[in-house]
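What follows is a single structure, written as structure tokens, with notes after it.
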Amino acid sequence: MSEQQNNGYEEERQRLSEKKPPCRTKLQRVKDWLDGDTSYCRPCIMPVPIDWYQQELRERGQGDLADELERARMTEDPATVAQVMDSIKEKVNHDTRYRLMEFDCYTQEFAAEEDGVILPDEASPESSPPAPHSLNSEPESPPETSPPELPATEQ
């Protein structure tokens, strides 16, 4: 392994060993973030991270927690969904919790960009905020359609 590859591996290992993923905004609990003051409709983008959470949980053999989140989603109450998303992170192992926190980070960064609080790292096409809708419908301009991929690490 070259020195550059080794340094990259060490940096990734260091990042994964930290409690929270790097985030361009102050990472908050989903419930606190959802309750925050904003001009952007935060509940409008919740279907995307909900889907990310459910997919990740199912892939990691935590279908019971994905089902718990689906039941919360069916209430169409953003506060209930946010509370369940936060509680799920308390019930899973460190690696899964870190991954779910990454989803929170991506979602919170996307909303901060829409609010004009932070600027995107790279130029991206203009998008308008999605129209208000229920938690069971897809937003018109989601941050991504599938969960972001993490680089592979050696174990």
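We did not get these values from a lab; they are worked out from the coordinates using the rules stated. Given the structure is predicted, the values throughout are model-derived calculations rather than measurements. Cβ: placed from backbone, ideal geometry, glycine included. Neighbour counts: every protein chain shown.
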(request) State the answer as a single residue: which of Ala66, Val30, Ile45 lies farthest towards the positive end of the charge dipole of segment 25-115, with beta carbon charges of +1 for Lys and Arg and -1 for Asp and Glu, about the Cα centre. (result) Ala66
(request) Quick one: order Asp86, Asp95 by neighbouring beta-carbon count within 10 Å, fewest to most. (result) Asp95, Asp86
(message) Given axes a ≥ b ≥ c from the Cα gyration tensor, I'd like to know whether segment 48-113 is rounded (a/c under 1.5), prolate (a/b larger than b/c) or oblate.
(response) oblate
(message) Given points 7 Å out from each Cα along the Cα-Cβ axis, report the Asp95 to Asp37 separation in nanometres with one decimal.
(response) 4.2
(request) May I ask you to sort Lys91, Lys26 by Cβ crowding, counting other Cβ atoms within 10 Å and putting the fewest first? (result) Lys26, Lys91
